[in-house]
Structures are given as C-alpha cells and as structure tokens.
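One structure below.
The values are calculated or read from the model by the stated rules, or taken from the named source; none is laboratory data. Here the structure is a predicted model, which means the values were calculated and not measured. Positions of Cβ are generated from backbone atoms using ideal geometry, with glycine treated the same way; all protein chains shown enter the neighbour counts.
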Amino acid sequence: MATTPVLPKLVGQRIKRREDPRLIQGKATYVDDIKIAGMQHLAFKRSDVAHGRITKIDVGVAQAMEGVEAVYTGAQIAAFVPPMPIGTPFPSPPHHAVATDTVRYAGEAVAVVVARDRYVARDAADAIVVSYERLPAVVDLEQAMTGKPTVIHQDFPNNLAVPLVPGGTGVGADSSVDDTAITKAFAGAEVVISQRMMNQRLAPSAIEPRGVVAHFEPGKGAMTIWSSTQNPHILRTMIAAMNGLGQDQVRAIAPEVGGGFGAKINIYGEEYVAAALSKQLGIPIKWIEDRSEAFVATTHGRDILAYVDLAAKRDGTVLGLKLRLIADVGAYNMLLTAAIPTLTMLMANACYRIPAIRVTVTEVFTNKTPTDAYRGAGRPEATYFIERAMDMLARELKMDPADVRRKNFIQPDQFPFATPMGAVYDSGDYEKAMDLALKNAKWTELKAERDAAKAKGRLVGLGLATYVEVCGLGPSSSLPTGGWEHSGVTIERDGRISATTGASPHGQGNETTFGQMLADQFGVPLEHVTILHGDTGVVKQGIGTFGSRSQAVGGTALHLAGGKVKAKMAKFAAALLEASEDDIVFENGRVFVKGAPASGKSFAEVAAYAYVPVPLPPGLEPGLSDEAFFEPANNTYPFGCHISMIEIDRETGEPTLLKLVAVDDAGNLINPLIVEGQIHGGLAQGIGQAMIEEVVYNSDGQMITGSFMDYAIPRATDFPRFELDSTVTPTPVNPLGAKGVGEAGTLGSTPCIVAAAVDALSEFGVTHIDMMLRPEKLWRIIQGGRS
Amino acid sequence: MAQVSITVNGKVRKADVEPRLLLAHFLREQLLLTGTHIGCDTSQCGACTVLVDGRSAKSCTIFAVQADGSTITTIEGLARDGQLHALQQGFWEEHGLQCGYCTPGMIMSAVNLLNDNPAPTEQQIREGIAGNFCRCTGYQHIVNAVQNAAGKR
C-alpha cells in the first residue's frame, strides 16, 4: 500500500471544474440544442400596447401561411390552459398565459403560432393583426396607488396588490400595531436622517434566453419537458397540475442552463402553453425566446421605493428605523413576486442593534412587465436602503463610515441574534469582516489619496458598506414548495459513485463541489464520482437552486445521504474483514480496519460484495443506495464588507470605478475558486445596478431599454480587478458550516458605490443620489453646484 | 434558395439556404454545430462569435449567403488532435466560465485577440473582449484565462 499515493482531501481546495470540458468545446446541450423528430416551433404574438382591450384578432393571413400548423388566440388557449397559479398566499388577479380580453403590459402574449420552423413561426406571428381599444397606462408606482388614470385589475382598488403589511417592533403576529417603542425612539433622537430612495428596475439578462421543449407522448400518456429553469421539480409539479397529469407522468429536465439569476425560478406562460399544445397536437413543441422578447416577457427585478427614516444620537448610536416600502409588481403576480419585498422587510435590521424598527410593505400593480426574484431578491434592497441611511448618518455627523457602523454592530457574543423583524441570525462577526476590508483597502491611506486627489480638483470618492443577508432558503415554513433539499447516493457495483441532487445548477459548479465532498467522504478519487441533476426522471425529489441554497441545503442533503450509505457499507466491510463496523476506515480507495490498511479491501471489492452478498450479513439488505432530505432548522446569514473608490469626470459626469475591495464571510468553503467566481459575478451585477443598468419605460408604458443597445449590462472594461478576501464564521445550522455565497456580491457593492459617488460629489452638497449613476445625472449635480 | 459552399472547421459544406438564413442558424440548425450560441438580436452579446477567414465575427449578424466561399472556425473546431486550444485550457484552469453559455463566443473573440496581440496587457484584454457579454463571472477569471493562455504561447 505504501506505493499508492494518498488521495488528497479535496474539500476546501481550488479544484478546477468538472463541468468545463463540455462547455469549452461547444459540446454541452442547452434547450435550443435539442431536436426531436416531428418537432414544431412556437412563436408568440405580443401586445404592442401597455394597456388595452382586445377588440379583434385577425389570424387569417397567418393561418394560411405555408408551414403553419396552427394558430390560437388567447381565448382559444384559455380553453385548455387554466389561469396560472402563484406561489405566495396573497390574493391575486387571474393571469392567463395568453391574454384573453385585456392586455396589461407591452409584451404580454395575445396569440400563438405553431409552425414548421422558427422563421415561419415568427413570420406568421408578425402577420397576426390585433386591434385594441386603448386604455390609459400607469407606469409610476406612486401614481398607480392613486387609482388614476386607471385601475389595472378590477378587484384591486388603487392598484394595490398588497395594501399594507406591517412588521417590526410592536407588530403582533395578528398584525396588531403598537407604536410606543418606535415613537419613543424617534422622540429621543438627536438626529434624524430621512430620504426617499428608489431601487430601480433591472433586467436579469441571463445570456441564454429562456426556452422550452415539450414532448407529450400520447401512447404513453406522459410528458417530457425540457426547460431553461432553475428548478425542474417545481416545473414538474406545475406542468402536471396544469395539464391534468400526475407528477409521475411528467418528467422535467433542466439541461445545461445558461444562467438564471432568479428569473428562471418562475414557471412561465410559455412553458404552460408549449406543454399544453404538445398534448393537444400530439407533437413535440419548441419555443426559444429571443432577446427582444426576454426584455418584456422574462420577469424583471428590484423596482422598489423606500422612504427611510433613521433616528440616532449624535455619537452615532442608532435608536430607531422606519422604512416604508412600496414595491412595483408590474402587471401581474408571478410565482414569488409578492414575497420578494417581504425579504426586504425581513432583513431591515441589517447588521445592527436597532432598538425599534417599523417597516411597512405595499405592493402595487403597474402596466409593466411583472417583477420577481433577481439575484439577491429582496436582500440587496434592504442592504441598500439601510446602508445608504447609515452612510448619510455618518456624513451628517462627520464620522468615518466605518465608525458609525462599529458603534452599532451586533456583537459576536450576541449570536444567535433575534431581530425585531423575526429573523434569527445564526452566527457572525461583522467587525472582523469590516476590519479586514479596511486593512486590505488600506483605508487610511486611501482616504489620504482621495483628499489629495480632491485637492487637485479631481472628483474622487470612497464608499463603504457592510451587509448581512439571508441564505440557505429555508425551512419549509418559509417556502410554499417546502424548504428542504433532497439527495440520493449510490455506490455502484464497480465501486464508482452516482449521486443525485435536487439543487439544479446553472453555472454554480455543483458537479465539482458535490463531487469533492463525496470523494472525501468515501476516500475515493474525484473521477469516480458522478453528480446527476436537473432531471426529475433521475433525481427523485428536489426544490431547486435559488436563494444561495445549493451548498447549505443541497450540499447537506448530499452529505447526509452519503453518511447513510457509508454506514451501511461499513457493515458490509465489517463482515468481510471480521471486525467491528465502528473500526472501519475509508481512505485512499481502500476500506480497512483502523490501524491495518494493508489487510483491508479495495473500495470496489466491498461494493461488489454488497451486491453479491454471499453470505448476507444478518440484518442487512443487499445494495448500497440511500437518500436523504435535509430540512434546515433556520436560514443562514452570511455577511461582509465592501469598499469602493470611484472617480467622476468633472466635465462629463462619467463615473469610473477605480477600486473594489470585498470581504465576504460565507462560512466554510468547499471550493474557494468557485466561491470567488460567485462573488465576482455578484459584484458585477451589483456594480451594474449602481452604475449603468436601468429598465426605463416612457409614460405610455413602452419600454425604451428593450435591447442590449439600450440596456447596459457591464462589459469587461467597466471593472477594475476586484480585491477579494474572506473571513470564515461557520454556521451551526448545518453540519457543513456552509452559509451560501451566490448572491453576496450584489449586497455590499451597490450601496458602497453610491456612497463613493456621494463622497466624490460632496463639495456640491449632495447627500444621496438615486441609482443608476447616469453621467447626465452626475453632470447636472456638478453643474448645479457651480451655479 | 441560394447555394453556398462554406468551409467549416476544415470541411467543405455545400447547402441550399434561404437568403435570409443567418450564419448562426446555418451552423446550428443545418450543420448541428450547436456550440455557437445566440444571446441577443442586436450583435451586442457576442455569444455567436466565430472566426470568418481568421477574423472574429458575430454570426448572428451575417447571412449564410454572405459567408459563401469563406472559411469558418467554430468552437468545435478549436481543439486539435484531441488537444485543447491554449485558450480552452486557460478558461478551464482559471475558472473562466460558469454557466458556459457565453464561453464559446468569448473564447473565439479571445483567439482573435491573441492572434492580433500575443502578449496583451490586462487593459488590452478587457478591451479585446468588450464585444462579448458574460453575466456570470464579472470577467476577472476570463481575463486570467486569457493571460494564462497568452503565457503559454
């Protein structure tokens, strides 16, 4: 045995990804790469008005086109596709996959075409003529709340999707409200910061647009549906329910998925229509979204307005926080729409000891594309609002932004920390993360550098933000789908390992990280482990990948399933080696009695014995396969600190990001290389929001940023080299100690950049700038300062 | 219909195509070279980037008929004799991809960049791939990947 190299422990190492060979050679299979004999293509005719009654749909020309199989209006589709369900408990207006009589946003589907190929399908869709009786559109959410000039859904007066939900100090479980504490906090304030802040609308913009292939096989009575989704098991549940099929009769597959960022959680009308039409027509149906459609038909993110009031003493001690949130739902509730602002509410406590907090959430319909989850989903909004307010407080008190935070941080010995918002923060050391960020950024020197630049007339500013977010979603009480994750582990007869996970990845690298975990758990080479995912025909159960839950919840399920199989395998090994199962060691591809590696068996020999168990050890069934559901007792609460430096061109107002330092604490890390990639990606989206991204509508409800020529997602030239570091504070919530990291980058970056812009323009008396930092907006501030 | 003859990854391909057929669709639908992806309608994202006569080009903005007589390399044609191209290797080693959807186009743009400038600075790399969107990585590991590949040449 001495000649066999010892297998290195893989967890914690920067292992290059096992997914990559197929991806870097163009050999991966995304939805649009799937072809099935007899497959026809689906295209949607979409509304070009934001609000109107459909008076006539002329499908004659389209129907007569060569190659067109079928054309359906919304009313015809509604005969076999019921209104779409949502995943939140709030009342919601009916939402048809294809509008039946009224359109409520530009881009809403009004008719569909099935045709031989995508070109013919598109031609035919374009040839459908729809007449509308136009209704006034409302795009501004505060305007919408007046009920003027239009009410979008008749049973929702003043366009209130969710009239008002209170939370925080003094709010009872029955929503009874006691104002004593919050009134006292503000009465005792020496300084109050009050600011209206808009967290603007964003287009998630996965580079792979959405797509679906639905294949109903009438002979089997079974449906297979491939979709670019983050959660194939939820898709299966919904497709089955909407098509009168059992969940056993639907197989949902997420093949290679080209990014999601929250926008591929929702189950969309296009998926329902493709499935239903495949069943109706008995043929495979493919629909692939083009980018112009993606801008109007894929859910948007953020779009929430806040009125923030922060009460403090002049030494920086925070006394109370009032946060009035008004969220823009868009025209309809989607799967999780109504729940996203409640996550903002949940995280309103941020990293601080705040004696009294009052938050209210109101959600409003407008004639715009529906909103839903986008990376961070509710938590970046909370962080942004609170961190902006903390920054304004520091500026008002002429305190260093780090000092005002230090004054108010929850202390390490206070965890678990129950907030007034109902969250129980699991573990943390916020000051440690901030101190490391300050050290890495050379904060003191950086301030001197800024001051020197300013003295020369340059507009240079520094920003700092800390964050805590809620990840590892979550206990089943918090998700309508259930909050667990599932995994199955099988030792094959040849000693190789197959494992399944319900955490369906779309870039997160689970095949690598989960492989690392199992290789270590069983003491076998990584190459002997295969991680299967994204197919409900293979993965028995699952929830999906969102809310930074893959590792914390899915990884733990894998670990538990592996543990069960390992325990059984130890029993077989004990029988073979005539030893106690408690003394069995798995290491280096061998299974042996502690202290006697030479007399053991190879991993494969023990596996083979388990499948031909002669003799069968008493009390054991043959085989090595088991599964686990992991239900976390709580969420996890990662945290960190981001620091940025920007310069604004005095003549043009153009901002340039000079520096971004991030310290993130996601608990224990499985693969630091992949973690870095996740943080980089989150930073890019957070910086994108702060600096260049915004979905803009005109007053008629027409989106005027409906292409990548008008909606700016960041390019490589928009960023400096990010400077990353981490602290490690494990969570007690799961045995891995892992908290989750997929969204972290979007949390701290956004407020720290706006803080830096305000700092850069401080000479003009500005205390807050709404995102994004459009040069024109900054230029006007500079000009105003001069006049 | 129009007849085209295009050399793709070393093989001459003759086909009858609709004059409006995009080169990207010709590659994907007719030749089944699905490594070339489509991410936008406006030539912004670069997922469809291939080499046309040795220069990077966005194949969603070229009709197949315009490519008649040209020589095209797609991501599938980059590895030689089972050996990954230095850029493919670099993207793998440096974790230059996550969902992988932008990756083929990103790599083809980087091939063009290193052909023009075998030892680019970081800024030149960032400018060289500015025609390709990646929504996952924040680009830093992509820059590292290109540096990794440049260092091996």
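Within region A:645-679, being in contact (Cβ under 8 Å) with a residue 40 or more places away in the chain, within 14 Å of chain B (Cβ to nearest Cβ) and assigned to a strand (DSSP E or B) holds for A:Leu657, A:Leu658, A:Lys659, A:Leu660, A:Val661, A:Ala662, A:Asp664. Selection of first residues in region A:113-130 that are part of a helix (DSSP H, G or I) and of second residues that are aromatic (Phe, Trp, Tyr), restricted to Cβ pairs under 8 Å at least 6 apart or on distinct chains, gives the following pairs, ordered by first then second residue: A:Ala125/A:Phe44.
In this structure, does A:Ala97 turn out to be among the aliphatic types (A, V, I, L, M), in a loop (DSSP other than H, G, I, E, B), touching a Gly at 6+ places or on another chain (Cβ under 9 Å) and within 23 Å of A:Leu245 (Cα to Cα)? For A:Ala97, the condition - among the aliphatic types (A, V, I, L, M), in a loop (DSSP other than H, G, I, E, B), touching a Gly at 6+ places or on another chain (Cβ under 9 Å) and within 23 Å of A:Leu245 (Cα to Cα) - is met. Within this structure, A:Val538 fails the test of being under 27 Å from the mean Cα position of the chain (by Cα) and within 27 Å of A:Pro638 (Cβ to Cβ). Taken residue by residue, region B:27-37 has at least one member that is among the acidic types (Asp, Glu) and either in a strand (DSSP E or B) or within 11 Å of another protein chain (Cβ to nearest Cβ) (or both). Selection of helices (runs of 4 or more DSSP H) fully inside region A:7-79 by the criterion of at least 2 residues being out of contact with any Asp or Glu (no Cβ under 9 Å at 6 or more places or on another chain) and within 14 Å of chain B (Cβ to nearest Cβ) returns A:20-24.
What about A:Gln76, is it surrounded by 19 or more Cβ atoms within 10 Å (Cβ to Cβ) and in the same structural domain as A:Asp117 (by TED's automatic domain parsing)? Let's see the steps before the verdict.
Values: surrounded by 19 or more Cβ atoms within 10 Å (Cβ to Cβ): no; in the same structural domain as A:Asp117 (by TED's automatic domain parsing): yes.
It is false that A:Gln76 is surrounded by 19 or more Cβ atoms within 10 Å (Cβ to Cβ) and in the same structural domain as A:Asp117 (by TED's automatic domain parsing).
The rows are residues; the columns are (1) within 30 Å of A:Leu135 (Cα to Cα); (2) surrounded by 24 or more Cβ atoms within 10 Å (Cβ to Cβ); (3) aromatic (Phe, Trp, Tyr).
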residue	(1), (2), (3)
A:Asp315	no, no, no
A:Leu321	no, yes, no
A:Ala338	yes, yes, no
A:Arg358	no, yes, no
A:Thr366	yes, yes, no
A:Ala394	no, no, no
A:Asn408	no, no, no
A:Gln411	no, no, no
A:Ser427	no, no, no
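All conditions but one from (1) over 26 Å from A:Gly74 (Cβ atoms); (2) within 32 Å of the chain's Cα centre (by Cα); (3) assigned to a loop (DSSP other than H, G, I, E, B); (4) without any contact (Cβ under 8 Å) to a residue 40 or more places away in the chain apply to A:Lys148; the one that does not is (2).
In region A:153-189, how many are outside any helix (DSSP H, G or I) and either farther than 24 Å from A:Asp700 by Cα or within 28 Å of the chain's Cα centre (by Cα) (or both)? Break it down into steps so the answer makes sense when it comes.
Going residue by residue through region A:153-189, those that are outside any helix (DSSP H, G or I) are A:153-156, A:160-179, A:188-189.
Now restrict to residues that are either farther than 24 Å from A:Asp700 by Cα or within 28 Å of the chain's Cα centre (by Cα) (or both): A:160-179, A:188-189.
Residues in region A:153-189 being outside any helix (DSSP H, G or I) and either farther than 24 Å from A:Asp700 by Cα or within 28 Å of the chain's Cα centre (by Cα) (or both): 22 in total.
Considering A:Gly765, A:Gly748, which residue is assigned by TED's automatic domain parsing to the domain that holds A:Ala453 and at positive phi? If you could, list the steps in order and put the result at the bottom.
Working: A:Gly748 fails: at positive phi.
From the options A:Gly765, A:Gly748, the qualifying one is A:Gly765.
Taking the criterion of being touching a helix residue (DSSP H, G or I) at 6+ places or on another chain (Cβ under 8 Å), aliphatic (A, V, I, L, M) and closer than 30 Å to A:Ala312 by Cβ, the residues of region A:189-244 that qualify are A:Val191, A:Val192, A:Ile193, A:Met197. Looking at region A:442-485, which of the residues that are polar (S, T, N, Q) and over 24 Å from A:Phe417 (Cα atoms) is surrounded by the fewest Cβ atoms within 10 Å (Cβ to Cβ)? Residue satisfying both the conditions and the ranking: A:Thr444. Scan region B:70-85 for residues that are surrounded by fewer than 22 Cβ atoms within 10 Å (Cβ to Cβ), in contact (Cβ under 8 Å) with a residue 12 or more places away in the chain and assigned to a strand (DSSP E or B) and the total you get is 2. Of the residues in region A:557-568, not one is of a type in the set (Lys, Arg) and either in a loop (DSSP other than H, G, I, E, B) or without any contact (Cβ under 8 Å) to a residue 24 or more places away in the chain (or both). Taking region B:114-139 as the range and being more than 7 Å from chain A (Cβ to nearest Cβ) and either of a type in the set (Gly, Ala, Ser) or touching a Phe, Trp or Tyr at 6+ places or on another chain (Cβ under 6 Å) (or both) as the test, the residues that pass are B:Ala119, B:Gly128, B:Gly131. The set of residues in region B:92-113 that are under 15 Å from B:Asn132 (Cα atoms) and either more than 8 Å from chain A (Cβ to nearest Cβ) or not in a loop (DSSP other than H, G, I, E, B) (or both) comprises B:Gly96, B:Thr103, B:Pro104, B:Gly105, B:Met106, B:Ile107, B:Met108, B:Ser109, B:Ala110, B:Val111, B:Asn112, B:Leu113.
No other residue among B:Ala67, B:Ala47, B:Ala24 is more than 8 Å from chain A (Cβ to nearest Cβ), surrounded by 22 or more Cβ atoms within 10 Å (Cβ to Cβ) and under 20 Å from A:Arg210 (Cα atoms) apart from B:Ala24.
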